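Everything on this sheet refers to the single structure shown next.
The values are calculated or read from the model by the stated rules, or taken from the named source; none is laboratory data. Please read these numbers as outputs of a predicted model, since none were measured by experiment. When we count neighbours, we look across all protein chains shown, and the Cβ atoms used for this are built from the backbone with ideal geometry, even at glycine.
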Amino acid sequence: MSSPTTAPTPTEAPFPWIGLLTLAGAIFVSVTSEFLPTGLLPDMASELGVSISTAGLLVTVFAGTVVIATTPLAALTRKYSRKSLVFVVLLVLAFANVLAAIAPTYEILVGARILGGLAHGLFWAVVAAYSAHLVPKHQLGKAVAITSGGASAAFVLGVPVGTALGHALGWRVAFGIIAAIVVLLALAVLKFLPPVNHHVVVKTGEIAIPMYKDRSIRGVALLCVVIVILITGQNTYYTYIAPWLVEAAGFPETSVAFLLFLFGGAGAVGLVLAGFASDRFPKRGFAFALLGVMTSVLVLAIWSENPIVVVVAFVVWGVSFGGLPAMLQTRMLHTASFRTRDLAAALQTTAFNIGIGGGALLGGLLLDRTGIENLPMALVLFIAAGFILLVGTDALRSARARRALLA
């Protein structure tokens, strides 16, 4: 008598390392493109015959375009293949960098940055949710940490190397080189990035509800508010960290580059830690990271004249903040329902860029009115506000869930 056959046990799909690393590479070139002008502003201003502050608007214009255009572009392209969109926007980004490299006037360069901002915003609206389509929920933290490594690498390597190339060969050559690298990454996306199905399948007899009635929208909106608060606070201080290190902490200008590299390396360590914390204890890990930022920056504000204390606190700040963007992205993907993931990714991108631009603007105003030494306390206050809002909301939800179980 033959033994009864048993159904095969389902096995979990292999972890998509190649796809996630390809996404990380694409993020690396996109973020490098966004911040490349920051280290080349004097060179660009001199050649184009404008002031450094006017050249600095090239970064503001890029971020402003992302804020304005990301959500509408994401809505217009929601029916298209995610993989195809990543490929196309990378090609547009490459063209924008080529246009920047050959721009004969400042006005045309601004146009190139606007085009790059359009591509960058749509790119992030797609990529921010892509990881969630590649891995199951319990692996989201690890997947997001890998793709976010591309952004960390852009700050640690991409922007510094691009700046060095720009100083050595000219800023136009730097834009041309990054354009060529973007094209290579676009081809890598075409070959190695797995396609995903992001469409919501409606069951027979089921009526699709409007997006604004989705229960996850409130949580997404709350998280976007938290992102704006935290990133505004970070950029209020960090945008002006180089002059703070020289004027308030007394470091020589020659040591600033090394300290910034140290901060970037510490952020990479924080990102690795976030990859473990996001999946195992997301709420506690996030709270500890915020407390680490507040404590280290408070130390910087109080003991700015002690170089050893400043360096140690600077590294702790880098580690603590380094994983926060990845944790926020992971939390967003857990919060959003399947049908709202793309919208949530677009809103998240918008929130980050509001924080980047708003923080830089606020920091400049505070610097002029109260002095550069007060910028660290501004960051502490913003982080504390974000901590109270998010941790307090989590506590209320937990209490409500316990009462529901006892009822």
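What the table shows:
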quantity	calculated
Every residue from the stretch 159-171 that is within 17 Å of L58 (Cβ to Cβ) and buried (at least 18 other Cβ atoms within 10 Å of the Cβ)	V159, G162, T163, G166, W171
Verdict on V29 being in contact (Cβ under 8 Å) with a residue 12 or more places away in the chain, buried (at least 23 other Cβ atoms within 10 Å of the Cβ) and not polar (S, T, N, Q)	yes
Flag if L347 is touching a Cys at 6+ places or on another chain (Cβ under 9 Å) and either assigned by the TED database to the domain that holds A248 or surrounded by 18 or more Cβ atoms within 10 Å (Cβ to Cβ) (or both)	yes
Condition check for V269: farther than 21 Å from T236 by Cα, out of contact with any Pro (no Cβ under 9 Å at 6 or more places or on another chain), modelled with pLDDT of 85 or more and not assigned by the TED database to the domain that holds K137	yes
Hits in the stretch 182-195 - residues which are assigned to a loop (DSSP other than H, G, I, E, B) and either modelled with pLDDT of 90 or more or touching a Gly at 6+ places or on another chain (Cβ under 9 Å) (or both)	L193, P194
Flag for S30 being part of a helix (DSSP H, G or I), at pLDDT 80 or above and not assigned by the TED database to the domain that holds G359	yes
Test: residue in the stretch 107-115 that is under 29 Å from G275 (Cα atoms) and either modelled with pLDDT of 90 or more or buried (at least 19 other Cβ atoms within 10 Å of the Cβ) (or both)	no
Filter pass, R341 being closer than 30 Å to A153 by Cβ, of a type in the set (K, R), surrounded by fewer than 24 Cβ atoms within 10 Å (Cβ to Cβ) and at pLDDT below 85	yes
Residue tally, condition surrounded by fewer than 20 Cβ atoms within 10 Å (Cβ to Cβ) and outside any helix (DSSP H, G or I), over the stretch 241-276	3
Selection status of L396, more than 13 Å from T232 (Cβ to Cβ) and either of a type outside the set (S, T, N, Q) or assigned to a helix (DSSP H, G or I) (or both)	yes
